[in-house]
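What follows draws every value from the coordinates through simple rules; no lab data is involved. In this text the structure is predicted, and so the values were computed from the model without any measurement. Note: ideal-geometry Cβ built from the backbone for every residue, glycine included; neighbour counts use all protein chains shown.
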Amino acid sequence: MAAKIKHLLPLNLGILGFATFLSLFEVSKGKENFLKKTLGNNNYNFFVANSVEPHKSTSSRKIEKNEAIFLTLKIFSDKQYDFDQNIYLAEGNVKTLINGGTLRSDFLSYDKRTGFLSAEGNVRYRKGGQYFRAKEFKFNLLRKEGKIKDAYGILDLKNVLNDLKIDNNSNKNDIKNRTDYTKINTYEDGIQFTFGNIKLPENQITRSNKSIDSINNWRFKSNLIIVEENGWKSNKIIFTNDPFDPHQISFEGIDVIAEEKDDGELLITSSKTNLLLENRTKFFLGKRIFGKKKKKKNKFEFILDGKDRDGLVLIRRSNTTKLNNNLLLDFQPQFLINRAILGKTYSFKNSQNENISFFDLFGLNIKLRAFDKDWSYESLNELSTLNTSRISKGFRQKNSFIRYLKTPILGDSSFNIFTSYRSRAWNGTIGETEIKSAFGGFIEKTHDFKTGEVKNNLNIRIGTAKYEAEKLQNSDLIALWRSSIFADLNSEYPIWKNDPSNINKKKVSNLSPVLIKPEVNVRSNISASYFNYINSVDQGFFKLSIGPEIRLGNLEREFFDYTKLSVMPGVKIKFGNSPFKFDSPIDLKTLNISLIQQIYGPLMLDIISNVNIDESSNNYGEYFDTKLGVIWHKRSYECGIYYHPNNYAGGIYFRINGFKFSDSVKAVF
């Protein structure tokens, strides 16, 4: 039967429902009904109740009656044919509506006896945040298996199982209720890998780091995807997080398997994975998991600690032990590689014996966490040796108990009780000093607010503690109680911003995941403190820092098209003197300089430093808290290396940016 106009063919199919990604149809055995043919409004309407009667030679699957639910298919096409009420053909601009999903193709056939459905020619499917296109799609509704040839697609991992789930009420899958398509692609999430012993500074270009150890949106392509009852698999699939072409980074997965776990999460596992940069450079990554579920971290990892562990260290991460519902325990055994190679150690102060024993080759970190609705407790214990004769010199500990409460004057605050043993402290040009032991408590209040166009952050701390630490004049230890009041206010006032109408929000940037907005701000810091010591000594200071922060360029050209410069001179007025080295205000006049400068393309320099500009100081002209970085910064990924010359620390990182795709993203790449 043929027609020159479009026809409508509704088929009611009893099914079990979608189980996994791209499983478009599942059918169950139901009572066979009859075919009704009616003619109205120049369209042919065909109704088939329930589904195919399973053929004995086709499937031996047992299907319980209570498994059956119903699916409605609506097929539009230029031409359609019905052979003996068993084989249905649709040809020309075929559009199939499947409970909120849309399947398009040039040709569609369905065999009622075998449950075999085939779509060929410019095949496209969309539902919710999921989309794929292919040359050919074939699927057996009874066996629930099939294949997709030359597939390109878009995955929204957060919603993939809900998008591809079928039930009686198609309105539940209305994409308008769940998928928020925007006109632009937005920086949404990411994955980060680090190595070293420094805390990486926040990205000053994006002004945020959204790495959450997962990426939700991916584009993919594969020559062949095999669809099975509980999932799908492919010999090779390429994924990219980049919404634009040419894509800057992709993952080549070998022997890929996707399946729905018992907890309702979709996991896509690749037995071998290669990382491809700019479609040129390839790095082997081994087995990887793509999915909504947070990936397990590698059991083994390298860190660099030249202070306590003589250099390179191999650590083994253990699974967190859940002692009860609100008590967690972590163990981290360590093997000290540099110490083993050297056969000596230089990490223990005042030690005349640099020789090591077998137990000096091992370290251990233990972390205990407890929490409830209004309080939390954390204990960090570090051992840089298991040699009992050196335990006291190789042990560091911090304990903190925080209770969240509402105080009469400060409002929502936190009460912190802490203890520490051999904690490190940095004090400007004095450098690193050690607090051998401390215990005490304080109340802290943090508040963000705006005054007109001025953004403010206020921090207030009041407390008392006993410290055993180095004297100001030498390395001798003294122990004193200290009571303190501290307040700190950081403010930012905009002077000039580029007119937003001059920014093309849809323009693709190769060098940044966010739009660059040139601006000039004035930043200031006001801090004041008062310390009273048990020996009737006290000290206090007032500090003011203020200066411009200039952000110019758009990262659209190859040379010097981005500069971020901050210059903040500061002055500190003090009275009294501290008996301790760690809290004595030494640098009374300082200059803080922060610069990020594009050199060429994605190559940038990041420099942060402070300099003593007090001519009356013995440390005049000395730099402190200096951080030097070289960054390779692109839209889809970035990497960099940092070095802290003051404490001989460093680190490298690699960050992959994730995006929330807009409806303009193309599947083909």
Could you tell me which of the pairs 299/634; 282/517; 74/138; 261/367; 236/666; 445/497 are separated by over 25 angstrom between their Cα atoms in the structure shown?
-> 299/634; 282/517; 261/367; 445/497
What shape does region 534-669 take by its C-alpha gyration tensor, where a ≥ b ≥ c are the square roots of the eigenvalues and a/c under 1.5 counts as rounded, a/b above b/c as prolate, and the rest as oblate?
-> prolate
Computed label-point distance, nm, for sites residue 412 and residue 577 using a 7 Å Cα→Cβ extension | 4.5 nm
Hits among aspartates and glutamates - C-alpha to C-alpha of residue 393 under 18 Å, sequence gap 8 or more where chains match | 305, 308, 310, 354, 360, 382, 432, 434, 468, 470, 476
Could you sort 621-627, 653-659 so that the peptide with the highest average Cβ count within 10 Å comes first and the rest follow in order?
-> 653-659, 621-627
Extended-chain gain in nm, criterion 0.36 nm per residue less alpha-carbon gap, residue 534 and residue 432 = 34.3 nm
What full-extension length gain, to one decimal in nm, is calculated for residue 476 and residue 619 as 0.36 nm per residue of separation minus the Cα-Cα distance?
-> 49.3 nm
Filtered hits (aspartates and glutamates, Cα-Cα < 14 Å from residue 660, offset >= 8 within chain) -> 156, 180, 188, 189, 242
Which part of region 326-345 falls in the paramagnetic zone of residue 213, meaning amide N under 20 Å from the point 7 Å along Cα-to-beta-carbon?
-> 326-334
1/(1 + (r/R0)^6) with r = Cβ-Cβ of residue 497 and residue 283, R0 = 35 Å, i.e. FRET efficiency to nearest 0.05, evaluates to 0.30
Residue separation between residue 323 and residue 546 times 0.36 nm, minus their alpha-carbon distance, gives in nm 75.3 nm
Pairwise label distance in nanometres, residue 647 with residue 355, each label 7 Å out on the Cα-Cβ vector | 3.3 nm
With a ≥ b ≥ c the root eigenvalues of the C-alpha gyration tensor of region 321-431, is it rounded (a/c under 1.5), prolate (a/b larger than b/c) or oblate?
-> oblate
Order of 466-477, 313-324, 420-431 by packing, highest average Cβ count within 10 Å first?
-> 420-431, 466-477, 313-324
The FRET efficiency for residue 85 and residue 150, from their Cβ-Cβ distance with R0 = 41 Å and rounded to 0.05, is 0.80
